[in-house]
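These notes are about the structure you will find just below.
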Amino acid sequence: MAAVGVELAGIRLRNPFLLASGIWGESGESLKGAYAAGAGGVVTKSIGEAPRDGYPNPTIDTYEQWGMLNAMGLPNPGIEEYPREVAVAVAAGVPTIGSVFAGDADAFAAVARRMASTGVLALELNLSCPHAKGLGSEVGSDPAEVERVVRAVVRAVTVPVIAKITPNTADPVALGLAAERGGAAAVSAINTLRALAIDLNLRRPVLAHGLGGLSGAAIKPVGLAVVWQLYEALKIPVVGIGGIRTVDDAIEYALAGARAVEVGTAVAFDGIGVFGRLAAELPPRLDALGFPSWGAAVGAAHPAPGAAVRTT
Amino acid sequence: MAAVGVELAGIRLRNPFLLASGIWGESGESLKGAYAAGAGGVVTKSIGEAPRDGYPNPTIDTYEQWGMLNAMGLPNPGIEEYPREVAVAVAAGVPTIGSVFAGDADAFAAVARRMASTGVLALELNLSCPHAKGLGSEVGSDPAEVERVVRAVVRAVTVPVIAKITPNTADPVALGLAAERGGAAAVSAINTLRALAIDLNLRRPVLAHGLGGLSGAAIKPVGLAVVWQLYEALKIPVVGIGGIRTVDDAIEYALAGARAVEVGTAVAFDGIGVFGRLAAELPPRLDALGFPSWGAAVGAAHPAPGAAVRTT
Amino acid sequence: MRTVVSVVERVVETPSTVTLRFDDPRPARPGQFVMLWVPGDDELPMSLAYVGARKGVTVKAMGGTSRRILDLPVGTRLGVRGPYGTSFDLSPRRILLVGGGSGTAVLAPAAEAALANGSTLTAALGATTKKELLFEERLRSAGATVVVATDDGTAGERGYVTGLVERLLADSPFDVVWTCGPEVMMQKVVAAAGPRSVPVVCSVERHMKCALGMCDACALGPYHVCVDGPVFPAERIASLPEFGRTKRAPSGRSVPA
Amino acid sequence: MRTVVSVVERVVETPSTVTLRFDDPRPARPGQFVMLWVPGDDELPMSLAYVGARKGVTVKAMGGTSRRILDLPVGTRLGVRGPYGTSFDLSPRRILLVGGGSGTAVLAPAAEAALANGSTLTAALGATTKKELLFEERLRSAGATVVVATDDGTAGERGYVTGLVERLLADSPFDVVWTCGPEVMMQKVVAAAGPRSVPVVCSVERHMKCALGMCDACALGPYHVCVDGPVFPAERIASLPEFGRTKRAPSGRSVPA
Ligand SMILES: Cc1cc2nc3c(=O)[nH]c(=O)nc-3n(C[C@H](O)[C@H](O)[C@H](O)COP(=O)(O)OP(=O)(O)OC[C@H]3O[C@@H](n4cnc5c(N)ncnc54)[C@H](O)[C@@H]3O)c2cc1C
Ligand SMILES: Cc1cc2nc3c(=O)[nH]c(=O)nc-3n(C[C@H](O)[C@H](O)[C@H](O)COP(=O)(O)OP(=O)(O)OC[C@H]3O[C@@H](n4cnc5c(N)ncnc54)[C@H](O)[C@@H]3O)c2cc1C
Ligand SMILES: Cc1cc2nc3c(=O)[nH]c(=O)nc-3n(C[C@H](O)[C@H](O)[C@H](O)COP(=O)(O)O)c2cc1C
Ligand SMILES: Cc1cc2nc3c(=O)[nH]c(=O)nc-3n(C[C@H](O)[C@H](O)[C@H](O)COP(=O)(O)O)c2cc1C
Ligand code: FES
Ligand code: FES
């Protein structure tokens, strides 16, 4: 059967399915649970300098199986408290990537340094939360700022740094290149798309914050496009995120160029058991498609260098 | 029953449902047909300086009911030929908005001038096609360029000018404000989201062009967000586009701030009869929701000026 | 999944507790909860005190939002997501119900269903004072034997309901204990039932945001109360270090319960 | 809606025509077409020459892509969208089929189905030369009476098939004429059938992109061939100014047919 282990930015993962940031990631027990359920590794909730309650409820709205809207507002216990949570996962041997966010390069570096000291194998910089003022995508949509933040963090820590790119941009490639220049070991994409739900009867936005982020199947085509473009332009590996629920979704991301993938919203629809299913179904599915390994599928939909895409 | 006539940029429409650009818009007979089917008005296919074949097939991929991907590549007969098509619709009394695209402000003005001379009631500038190199969203994602193009067209024609905004941007409001400064009578949003589909078995992108644009239900939450933000920031009216298939979808756009709406992909799923259904169902649905008219619903989900959104 | 309902009935149950009834045909089981959205205010988890097509939530005045809910008039429109979560197994024949304060709200529909199924049920209800006793009459008329304890002795025995529980367990055989109330109370119920090997089922509360088992807000040890609970066999949760001691604040920080 | 199939059979029908068979269980009716995607090449509308679970398209060498399709070996993987479009009404009892060149491909499955239903069917087939005659044997063995015309007289009558049609219509009563081929040919068929009040049903071609009735590429007067056609009652289209005269290029420009 096809081998599904992957190496991402120097980290060995037993399979390419990572728990996406913000899902099951506030408590150490949950991180452990996601790994026990079958994930190849986990990304923590994005942690900032100070505790944040996040936005008031409603923070979530769901569409039929194809999507979900959220504006959690980056709730997190803060980088002083959080290490004791992440320690639970690290002590249990869970390959853990620490996600952090902040408002500028210095603050990013400070939070990152503290997160890195917990024993996480890598950091993911959330440069892309679409609905938190002054945090995330405002920083994350300016290539110069992205480069500055990544460079500051890379200087501050010894673990590999993954930059999570926003899709709410005219040019994701410019952001990816900026992260690469800044010294990122990988980029991940995508975070949620800026979106809104309105309740007809109540005549108001559903989420307390108004604007939120769209995730789930609806954004898979957008995520695939961003991953495709990043793979074409960057030398560092790409982690694919957005709407992954089945092994076929994941393999499409691999074909587009994703070395590993993160799974978020599917946990709400299918439960954490989705990771066990994905892990079990991946090898036979790769076999059926004729791929000797997950690695062989990575980027396989791209034309060979120099080859024309069309034969006509 | 609730009144559903609307006035948009000086144009009177019998209902707020416009045929979206690129759907049934290449031939004059089709424009007539969409109006006969019940549309309040029609937007033509985007027309450029010269004939364009568009991209080779496959140009379309469909998802289950929630979305569609296309990379038509702006096929169009060119502005020399097209006036004889649009004349068919204009002569039949169809409220027609002429959509145009070009690579820079001068070319936009030239095509717009010719289009305006056909008797269309307004122009829509396609500043937002996500997959045509050098046309559309590259121009359309730079506020300064948007302002320049809009101003050039506004100077060149006497009909009202509607600027169609791309959602593939970090800041749709900046683009909307630029269009307003340039003299646009309205903005319309959104065009499709940059997206990609991969075929697992064939190990390649489905569309010949590779990248395409996502439309349909999947993008409704994104369209609502853009319309919401534009309504908050602009003085000129907003035309809502993206994933509208039912009157409830349309009323959500109205609540978010859309004065009128355009309907595209729904025509593929439901046929052109979707316009008759929408037109018939709108008045009773507005009644049931307690709106005396479509106009009363426009912007109704926004807090009254000065009022806090939350009571807590 | 979200729907909008109108309040069709408003029943003042006690000076600090009001039941709001609304029509929502989605099937629900006793023990499940909904996310109740008061437009312009908060969205909160609320157990279903009535699980039929005409559903109901029984809300106790706690903080700001719950206080405001108490004053909502008939006709108010509310958003409802759900029902979510686990429910009570109705098969045991001899049931002891132990409700503390508004905790009785979630137990009442389970009691009614079990009694209708032919089970016998003794309800031990605790409250601060007589006027705050919840659903005493509702349970009695459903066929339950009801015993009462109040902190001030204005009804039934003076003191905590846990005192009654010790005696009830000693006096008669039960197949199960259902309990909902403060966690310290539930811990005492577990402690009393343990030596007699009567299984205890608890309904617990944690801060909730998504109610979809995704956001981790309601984490309790390895569980998520929104999907693995709120109804748990006590043996799964009673020995967790958090139980009765800590909960998570909206930020995810552990704070004293 | 898109599926990927493998070519399981390849049949050389004439020197310029090949049938590719593939398994696709989606139901299809005679007259419908699919969008056939040759990966790395073009996606083209192709009528289904076989409509059962083992489907088939019969492709004539025209331009670049169709020529390349002729050489695709068994095992080639193809993308298939559809089936799309209208189909033939199989209820008429006495049918005259008029096929010009590869136009016979779309008529053959309709003929087989009608004959199996107990209708009688006369097939008038035209080709440039004997070797290019398509499905003569297939139609005969299905029970059709087959008459033939070739431009060079190598089989049947010398000349156009429309000459045969005049005579067939004069000689015997028909309830319907089904025709597919060049539009000028179909116009002559319509002209011949009109005075005798025999309704004509045509299968027509236009440039196609979406095949979903959306993009307008296939506009023909007020119709879209991909959803309102390709099978039309002649009275709906024969009098359109475009019919037999113009078609739309990929750009949407009207060009001579
Ligand atoms: C599964 C479940 C079922 C519940 N059923 C009922 C019920 O039937 N009747 C009833 O009166 N109450 C019930 N609650 C409690 C209810 O959700 C609120 O906690 C309570 O009404 C106080 O809300 P507040 O906003 O007025 O208080 P606040 O002033 O905001 O806070 C008071 C307390 O309520 C808690 N709280 C606030 N928001 C939430 C939230 N989103 N999720 C959980 N706790 C929160 C706070 O942590 C705090 O401890 C239930 C809670 C859960 C988790
Ligand atoms: C409903 C329908 C059913 C058809 N059924 C068959 C069939 O059963 N067998 C068969 O051999 N051919 C059929 N065709 C024609 C076929 O689609 C192609 O037009 C033909 O194979 C030539 O393609 P090419 O790329 O080789 O030619 P090109 O060199 O690209 O062009 C030659 C001709 O083909 C036309 N063509 C090219 N692309 C398309 C397109 N996307 N849609 C329509 N026409 C196009 C051009 O307009 C031109 O007239 C059908 C067409 C339609 C519309
Ligand atoms: C409830 C929720 C909370 C999230 N929180 C975070 C977060 O804290 N940090 C982050 O980088 N991404 C966060 N995300 C984004 C996800 O990690 C992921 O990028 C996105 O949801 C797309 O993947 P999906 O479709 O698999 O959910 C969150 C998403 C959801 C749905
Ligand atoms: C097949 C197709 C062709 C399109 N062509 C154009 C076009 O020429 N000009 C334009 O401004 N928008 C074009 N669009 C975008 C639509 O006008 C519309 O903005 C978008 O599809 C979202 O609306 P919908 O979800 O209702 O389809 C096209 C969309 C589709 C699906
Ligand atoms: S409330 Fe989000 S996981 Fe339970
Ligand atoms: S091919 Fe697009 S409308 Fe017919």
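The values are calculated or read from the model by the stated rules, or taken from the named source; none is laboratory data. All values derive from a computational prediction rather than experimental measurement. Reconstructed Cβ throughout: ideal geometry from the backbone, glycine too, with neighbour counts over all protein chains shown.
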Filter result for B:Ile241 (in contact (Cβ under 8 Å) with a residue 60 or more places away in the chain and within 13 Å of the chain's Cα centre (by Cα)): yes
Strands (runs of 3 or more DSSP E) within the stretch A:40-107 that include 3 or more residues under 21 Å from the mean Cα position of the chain (by Cα) and closer than 21 Å to A:Ala268 by Cβ: A:41-43, A:60-62, A:68-70
Failed condition for A:Gly41, given (1) closer than 16 Å to C:Met214 by Cβ; (2) of a type outside the set (Ser, Thr, Tyr); (3) crowded, with 24+ Cβ neighbours inside 10 Å; (4) more than 10 Å from chain C (Cβ to nearest Cβ): (1)
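Which strands (runs of 3 or more DSSP E) does the stretch B:127-240 wholly contain that include 3 or more residues that are within 30 Å of B:Val6 (Cα to Cα)?
Because the criterion is at least 3 residues that are within 30 Å of B:Val6 (Cα to Cα), the strands (runs of 3 or more DSSP E) in the stretch B:127-240 that meet it are B:161-164, B:186-189, B:212-215.
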Within the stretch D:246-257, considering residues that are in contact (Cβ under 8 Å) with a residue 40 or more places away in the chain and over 17 Å from B:Lys45 (Cβ atoms), the one farthest from the other protein chains (Cβ to nearest Cβ): D:Ala257
Single match in A:Ala217, A:Ala179 (criterion: buried (at least 22 other Cβ atoms within 10 Å of the Cβ), among the hydrophobic types (A, V, I, L, M, F, W, C) and within 8 Å of chain B (Cβ to nearest Cβ)): A:Ala217
Top-ranked residue in the stretch C:217-240 [being within 13 Å of ligand 1 (Cβ to nearest atom) and either at the interface with chain A (Cβ under 8 Å from one of its Cβ atoms) or among the aromatic types (Phe, Trp, Tyr) (or both); ranked as farthest from A:Asn76 (Cα to Cα)]: C:Phe232
Filter result for C:Thr154 (more than 16 Å from ligand 4 (Cβ to nearest atom), more than 14 Å from every other protein chain (Cβ to nearest Cβ) and not in a helix (DSSP H, G or I)): yes
The stretch C:52-74 residues that are under 15 Å from C:Gly40 (Cα atoms), paired with ones that are away from ligand 5 (no atom under 16 Å from the Cβ) and of a type in the set (Gly, Ala, Ser) (beta carbon under 6 Å, 6 or more apart): C:Arg67/C:Ala61
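Before we move on, is B:Asp287 over 30 Å from B:Arg181 (Cα atoms), within 14 Å of chain D (Cβ to nearest Cβ) and of a type in the set (Asp, Glu)?
no
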Some residue of the stretch B:224-247 being of a type outside the set (Ser, Thr, Tyr) and farther than 30 Å from B:Val161 by Cβ: no
Residue list for the stretch C:192-216, filter: within 13 Å of ligand 1 (Cβ to nearest atom) and more than 7 Å from chain A (Cβ to nearest Cβ): C:Cys202, C:Ser203, C:Val204, C:Glu205, C:Arg206, C:His207, C:Met208, C:Ala211
Strands (runs of 3 or more DSSP E) (entirely within the stretch D:172-257) containing at least 1 residues that are over 18 Å from the mean Cα position of the chain (by Cα) and either crowded, with 21+ Cβ neighbours inside 10 Å or more than 14 Å from ligand 6 (Cβ to nearest atom) (or both): D:246-248, D:254-256
Qualifying residues in the stretch B:191-209 (those that are touching a residue at least 24 places away in the same chain (Cβ under 8 Å) and within 7 Å of chain A (Cβ to nearest Cβ)) - the one nearest to A:Gly290 (Cα to Cα): B:Ala197
Residue match in the stretch B:14-36 (condition: among the basic types (Lys, Arg), in a strand (DSSP E or B) and either within 16 Å of B:Ala268 (Cα to Cα) or away from ligand 3 (no atom under 16 Å from the Cβ) (or both)): no
Which listed residue is among the small types (Gly, Ala, Ser), over 22 Å from B:Asn76 (Cα atoms) and either modelled with pLDDT of 95 or more or in contact with a Leu (Cβ under 6 Å, 6 or more places away or on another chain) (or both), from B:Ala178, B:Ala170, B:Ala132: B:Ala178
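Matching residues to (1) modelled with pLDDT of 95 or more; (2) not in a loop (DSSP other than H, G, I, E, B):
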{"residue": "D:Leu78", "(1), (2)": "yes, yes"}
{"residue": "D:Thr86", "(1), (2)": "yes, no"}
{"residue": "D:Asp89", "(1), (2)": "yes, no"}
{"residue": "D:Pro92", "(1), (2)": "yes, no"}
{"residue": "D:Gly103", "(1), (2)": "no, yes"}
{"residue": "D:Ala108", "(1), (2)": "yes, yes"}
{"residue": "D:Ala124", "(1), (2)": "yes, yes"}
{"residue": "D:Lys131", "(1), (2)": "yes, yes"}
Members of the stretch D:71-88 that are surrounded by fewer than 18 Cβ atoms within 10 Å (Cβ to Cβ) and either more than 14 Å from every other protein chain (Cβ to nearest Cβ) or within 16 Å of ligand 5 (Cβ to nearest atom) (or both): D:Pro73, D:Val74
Yes/no for B:Glu81 being crowded, with 22+ Cβ neighbours inside 10 Å, among the charged types (D, E, K, R) and within 9 Å of chain D (Cβ to nearest Cβ): no
Test: residue in the stretch B:52-66 that is away from chain D (no Cβ under 12 Å) and touching a strand residue (DSSP E or B) at 6+ places or on another chain (Cβ under 9 Å): no
